[in-house]
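What follows is a single structure, written as structure tokens, with notes after it.
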Amino acid sequence: MKDVQYLVLRKDNLSSFIAHLSKDQKVMAPVSKGYGNYAFEEVTSAEQVALKYIPTILPPKKFFMPQRETLIEYNLQSGLEVNAVLEHEKMTLFGVHTCDLAGIQCLNMVFSERPKDYNYLLRKRGISIIGLECNEYCDEYASCNIVNSNMPNGGYDLFFTDLGDCFVVHVNTQVGDEMVERTKMFEKPSRTHFDAFMALREAKSKIFKNEIPIEPRDIPELFDRSFDSEVWKELEQKCLSCGNCTNVCPTCYCFDLLDEMNLDLNSGRKFRKWDSCQLEPFAKVAGGENFRKSRAARQRHRYYRKFEYPVAKYSRFFCTGCGRCSRACMADIKLKDTLNALIKERMNKLWIKWL
Amino acid sequence: MKKPKVAFFDFACCEGCQLQVANLGEQLLDVLGAIDVVEFREVMSEKWDKDYDVAIIEGSITDEHAVERIKKIRQRSKVLIAYGSCATIGGVNGMKNGFDLEDAGKYVYGKDYKFFPTIKTHAVHQVVPVDYFVNGCPIYQPELVAVLKAALQGIPYYVPDYAVCVECKLNENVCMYQRGVACMGPVTKAGCNSWCINNGNICYGCRGILSNPNESGAKDVIAKYSIPMDMVMNKMNMYNKCRELGENE
């Protein structure tokens with residue numbers, strides 16, 4: 001395989017491409033759920049796929065770490081018999097936007113740390129990813145430019161760019177190459193394809209601008225100085241602690257580990273399910289102490305887990321700019337508004353110093 | 001291990017939660033394998049005159065006879081489980097508390113209402129101590145089984161003290177507010193796996209209100225979606241009127 005390889009898939013071949021893929025494994029793609037909502041669901045033809053979609057209700061993380069996942073099964077009948085459960089299946093995700101590719105990359109880093117999370121990594125190994133480029137903003141909630149996720153940065157096997165009547169396809173991995181070989185529907189791109197492709201990228205650089213008036217490299221420092229900000233106190237009044245923001249976040253991975261016995265009270269299982277730092281019981285420990293009792297402290301923690309702590313630990317933001325948290329918040333807590341308010345408060349403090 | 005003696009009782013209710021138990025299907029066999037049912041009016045005619053290991057109570061307490069009866073059951077029971085909205089939060093019977101009791105009596109029984117003395121509707125824990133709660137109207141079967149297992153193991157069961165929205169989002173439902181419908185999910189305790197919303201209905205708040213709802217935030221949301229306040233209160237009181245009585249009357 002060549003290092004960089006571009007091919008073309010004509011749009012009228014998309015349906016047979018997806019049908020071909022879905023013959024030997026599940027194909028998951030964005031489908032419309034009505035009321036402007038989308039979700040990754042199993043498809044068998046291109047007609048079901050929403051090629052133009054705003055980020056799905058849940059990000060693709062649900063395929064890598066399902067909402068509920070059994071890790072261990074045990075039996076106490078004769079001593080203690082424990083068996084690890086490793087569930088996984090082969091599937092292809094089609095139409096993953098660059099924000100969600102970034103989200104998967106973040107999760108990959110987290111779950112590859114030692115001790116490695118084999119449940120996650122095994123699922124990951126069975127999942128092939130076909131990305132899909134956003135030619136323009138999905139809506140006003142997105143802030144993908146400031147976190148540099150509006151352009152493809154790897155993390156996919158194939159990457160589709162919509163040029164109207166065809167897709168330009170970047171083949172990034174061996175798995176991607178095999179998909180191309182197996183389906184035999186891809187053509188060599190012509191000069192016109194490349195020109196149109198370059199023109200699109202050029203146009204994109206004019207459409208996507210920093211959504212928040214700050215340089216990305218200055219964001220960690222802004223947070224360094226905003227721990228006691230008034231902005232968090234305002235969120236205390238608004239937040240309903242429903243956990244929507246973290247459940248829909250492509251990089252939130254917190255989970256709770258629970259035991260469940262069968263009715264025989266001899267056998268049972270240990271499973272994990274998604275948890276959220278926004279829920280009141282999350283940081284409650286034995287004795288009733290709660291380390292983040294106020295909604296303000298919980299919201300602040302969420303923002304620090306996106307813009308400050310992961311920068312120190314992984315050298316990247318754990319916000320992918322997808323805008324899901326802002327879209328899903330009934331109380332109108334919007335990521336861009338929060339950052340703008342922090343910047344404004346900081347500027348005011350600086351002015352007061354100078355005057 | 002000897003199988004625990006379990007009895008089911010009903011007070012003011014529709015007996016729908018008992019039906020949920022009888023309708024457990026195949027799992028009923030597992031349940032019956034783990035417990036010894038000694039009283040259950042809906043499914044058997046035998047009675048039991050000794051103590052109960054577990055008493056499972058449906059229905060709310062709405063007159064003095066019921067108060068006496070539930071106290072006696074409590075005395076005879078090692079563990080007491082309240083199940084269904086009527087028993088756990090007062091449920092729809094609580095709507096009576098919004099009226100003058102005499103007016104309510106006349107409305108239902110006409111001129112003979114004095115022969116049917118009534119008291120304000122109480123949830124079971126507002127009259128006697130309750131060890132476990134299985135919320136919901138009707139109960140969510142998997143939760144009943146989970147509570148039963150906790151009771152058999154002698155460990156606590158924690159009713160999730162976060163909003164139905166959490167489970168609803170995990171089920172990837174389109175938010176009812178985006179469909180233009182007011183839903184009680186944001187202030188109602190989870191644990192039902194957003195059963196109603198999964199099936200296209202709204203949340204009616206049948207599992208009770210969160211212990212620490214954000215009232216100012218909820219008011220903002222109600223204003224944002226231009227929902228009339230009295231409509232919200234009506235929705236709230238449909239199941240949750242008894243919360244005004246406090247924890248133990």
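The values are calculated or read from the model by the stated rules, or taken from the named source; none is laboratory data. Computed from a predicted structure; not experimentally measured. Please note: Cβ atoms are built from the backbone with ideal geometry, for glycine as well, and neighbour counts cover all protein chains shown.
Just a few scattered comments:
- Residue count for segment B:148-158 under the criterion of being more than 7 Å from chain A (Cβ to nearest Cβ) and either without any contact (Cβ under 8 Å) to a residue 12 or more places away in the chain or assigned to a loop (DSSP other than H, G, I, E, B) (or both): the result is 5.
- Residues being at positive phi and either touching a His at 6+ places or on another chain (Cβ under 9 Å) or within 14 Å of chain A (Cβ to nearest Cβ) (or both) - total across segment B:188-228: 5
- Segment A:313-353, subset of a type in the set (Lys, Arg) and either crowded, with 22+ Cβ neighbours inside 10 Å or modelled with pLDDT of 95 or more (or both), residue farthest from B:Ile222 (Cα to Cα): A:Lys313
- Being in contact with a strand residue (DSSP E or B) (Cβ under 6 Å, 6 or more places away or on another chain), closer than 20 Å to A:Cys322 by Cα and of a type outside the set (Lys, Arg) holds for only one residue in A:Pro30, A:Pro55, and it is A:Pro30.
- Qualifying helices (runs of 4 or more DSSP H) (wholly inside segment B:31-145; at least 1 residues being free of Cβ contacts under 8 Å to residues at least 24 places away in the same chain and outside the structural domain of B:Thr188 (by TED's automatic domain parsing)): B:64-76, B:101-109
- Some residue of segment A:46-61 being part of a strand (DSSP E or B) and in contact (Cβ under 8 Å) with a residue 24 or more places away in the chain: no
- Candidates in segment B:185-231 are the residues that are within 24 Å of B:Gly98 (Cα to Cα), β-branched (Val, Ile, Thr) and in a helix (DSSP H, G or I); of these, the one that is farthest from the chain's Cα centre (by Cα) is B:Ile222.
So that you can scan it fast, the table gives a plain yes or no per residue for (1) surrounded by fewer than 22 Cβ atoms within 10 Å (Cβ to Cβ); (2) of a type in the set (Val, Ile, Thr):
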{"site": "B:Gln141", "(1), (2)": "yes, no"}
{"site": "B:Ala163", "(1), (2)": "no, no"}
{"site": "B:Val166", "(1), (2)": "no, yes"}
{"site": "B:Val187", "(1), (2)": "no, yes"}
{"site": "B:Ala190", "(1), (2)": "no, no"}
{"site": "B:Ile197", "(1), (2)": "no, yes"}
{"site": "B:Gly200", "(1), (2)": "yes, no"}
{"site": "B:Ile209", "(1), (2)": "yes, yes"}
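- Taking the criterion of being more than 20 Å from B:Glu244 (Cα to Cα) and touching a helix residue (DSSP H, G or I) at 6+ places or on another chain (Cβ under 6 Å), the residues of segment B:96-111 that qualify are B:Gly105, B:Lys106.
- For the residues A:Cys277, A:Cys252, A:Cys242, the requirement of being in contact (Cβ under 8 Å) with a residue 12 or more places away in the chain, within 11 Å of chain B (Cβ to nearest Cβ) and buried (at least 18 other Cβ atoms within 10 Å of the Cβ) singles out A:Cys242.
- Within segment A:1-53, if we keep just the residues that are buried (at least 17 other Cβ atoms within 10 Å of the Cβ) and hydroxyl-bearing (Ser, Thr, Tyr), the residue that is farthest from the other protein chains (Cβ to nearest Cβ) turns out to be A:Tyr6.
- Enumeration of residues in segment A:104-118 that are exposed (fewer than 15 other Cβ atoms within 10 Å of the Cβ) and either among the β-branched types (Val, Ile, Thr) or assigned by TED's automatic domain parsing to the domain that holds A:Lys313 (or both): none
- Residues of segment A:62-91 that turn out to be closer than 20 Å to B:Asn171 by Cβ, without any contact (Cβ under 8 Å) to a residue 60 or more places away in the chain and not in a loop (DSSP other than H, G, I, E, B), as a count: 1
- In segment A:261-284, the residue that is farthest from the chain's Cα centre (by Cα) out of those that are modelled with pLDDT under 95 and assigned to a strand (DSSP E or B) is A:Met261.
- In the set (1) over 16 Å from the mean Cα position of the chain (by Cα); (2) within 14 Å of chain B (Cβ to nearest Cβ), A:Arg327 fails one condition alone, (1).
- Among the residues of segment A:182-234, the ones that are under 22 Å from A:Ala312 (Cα atoms) and in contact with a His (Cβ under 8 Å, 6 or more places away or on another chain) come to 0 in all.
- Leading residue by the ranking (surrounded by the fewest Cβ atoms within 10 Å (Cβ to Cβ)) among those in segment A:280-312 that are within 12 Å of chain B (Cβ to nearest Cβ) and closer than 13 Å to A:Trp232 by Cβ: A:Ser294
- Applying the criterion of being closer than 19 Å to B:Gly84 by Cβ and out of contact with any helix residue (DSSP H, G or I) (no Cβ under 7 Å at 6 or more places or on another chain) to the residues of segment B:159-176, the residue that is farthest from the other protein chains (Cβ to nearest Cβ) is B:Val159.
- Selection from segment A:255-274 of residues that are aromatic (Phe, Trp, Tyr) and within 11 Å of chain B (Cβ to nearest Cβ): A:Trp274
- Flag for B:Tyr158 being of a type in the set (Ser, Thr, Tyr), outside the structural domain of B:Asn199 (by TED's automatic domain parsing) and over 24 Å from B:Lys71 (Cα atoms): yes
- Enumeration of residues in segment B:1-14 that are closer than 14 Å to B:Val43 by Cβ and touching an Asp or Glu at 6+ places or on another chain (Cβ under 6 Å): B:Ala7, B:Asp10
Conditions tested, residue by residue: (1) farther than 24 Å from A:Leu21 by Cα; (2) under 15 Å from the mean Cα position of the chain (by Cα).
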residue: A:Glu89; (1), (2): no, no
residue: A:Gly95; (1), (2): no, yes
residue: A:Val110; (1), (2): yes, yes
residue: A:Lys116; (1), (2): yes, no
residue: A:Gly126; (1), (2): no, no
residue: A:Tyr137; (1), (2): yes, no
residue: A:Ala142; (1), (2): yes, yes
